[in-house]
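Following: one structure in structure tokens, then a few remarks.
The values are calculated or read from the model by the stated rules, or taken from the named source; none is laboratory data. Just so you know, these numbers come straight off a predicted model, no measurement behind them. Using ideal geometry, Cβ is built from the backbone for each residue, glycine included, and neighbour counts are taken over all protein chains shown. Ligands, DNA and RNA are excluded from the accessible area calculation, which covers all protein heavy atoms including side chains. Shrake-Rupley method; radii C 1.70, N 1.55, O 1.52, S 1.80 Å.
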Amino acid sequence: MFNAITHSQIFVLDQDQALDFYVGKLGLEVHSDVDLGFMRWLSVNVPGHPDRQILLERPGAPSMSEETAEQVRELVTKGATGGWLIFSTDDCRKTYETLRGLGVEFTEEPTERPYGIDCGLRDPFGNNIRFTQPKS
């Protein structure tokens, strides 16, 4: 039936700040930045992988009422929306040091796991992010 996942979505509270973080710090690239009138469609992807996009969506119209959007904003800030982004890297420790140098705040330092080395951080809004260096 299906043959790929093309888009995932996370909520962000400020799309310009999200661009600064995801593109300026994490090194992703903008795939789409389109004003649809009723919303801004802003998606990013890992460089060289435009077939897998992350939609950086502000909570609000047209998909939810303002009351619901406020509740979602509160959950995002608490890191309680349940979504995760997990990236892979060739060198977890080097990536960690590079991002720390750019001011990224981590929730967990690189740690050896049965599947490789990984660590955790949150974006400026509270979304959970991990990146992993898979075992060779």
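Taking residue 46 as the residue in question, decide whether it is modelled with pLDDT of 95 or more, of a type outside the set (Gly, Ala, Ser), under 15 Å from residue 9 (Cα atoms) and touching a strand residue (DSSP E or B) at 6+ places or on another chain (Cβ under 8 Å).
Yes, satisfied.
Quick check on the stretch 29-54: of everything there that is among the acidic types (Asp, Glu) and part of a strand (DSSP E or B), which residue is nearest to the chain's Cα centre (by Cα)?
29
Take residue 74 and decide whether it is under 19 Å from residue 15 (Cβ atoms) and either out of contact with any His (no Cβ under 8 Å at 6 or more places or on another chain) or in contact (Cβ under 8 Å) with a residue 12 or more places away in the chain (or both).
So residue 74 fits the description; yes.
What about residue 21, is it at pLDDT below 95 and either open to solvent by 60 Å² or more (accessible area, probe 1.4 Å) or more than 17 Å from residue 8 (Cα to Cα) (or both)?
So residue 21 does not fit the description; no.
Can you list residue pairs whose Cβ atoms sit under 9 Å apart, with the first residue in the stretch 29-44 being over 17 Å from residue 59 (Cα atoms) and the second being among the aromatic types (Phe, Trp, Tyr) and surrounded by 13 or more Cβ atoms within 10 Å (Cβ to Cβ)? Count only pairs 6 or more apart in sequence or on different chains.
30/22; 32/41; 44/22
Quick one: which residue in 72, 30 is of a type in the set (A, V, I, L, M) and in contact with a Phe, Trp or Tyr (Cβ under 7 Å, 6 or more places away or on another chain)?
Selected residue: 72, the only one of 72, 30 that is of a type in the set (A, V, I, L, M) and in contact with a Phe, Trp or Tyr (Cβ under 7 Å, 6 or more places away or on another chain).
What are the pairs, 6+ residues apart or on separate chains, where a residue within the stretch 89-109 that is farther than 15 Å from residue 20 by Cα has its Cβ under 7 Å from a residue that is modelled with pLDDT under 95 and surrounded by 13 or more Cβ atoms within 10 Å (Cβ to Cβ)?
107/122
Hey, residue 71 hits all of (1) part of a helix (DSSP H, G or I); (2) open to solvent by less than 70 Å² (accessible area, probe 1.4 Å) but one; which does it fall short on?
(2) is the only condition that residue 71 fails.
Could you pull out the residue among 30, 104 that is touching a strand residue (DSSP E or B) at 6+ places or on another chain (Cβ under 9 Å), within 23 Å of residue 116 (Cα to Cα) and modelled with pLDDT of 95 or more?
Going through 30, 104 in turn, the sole match is 104.
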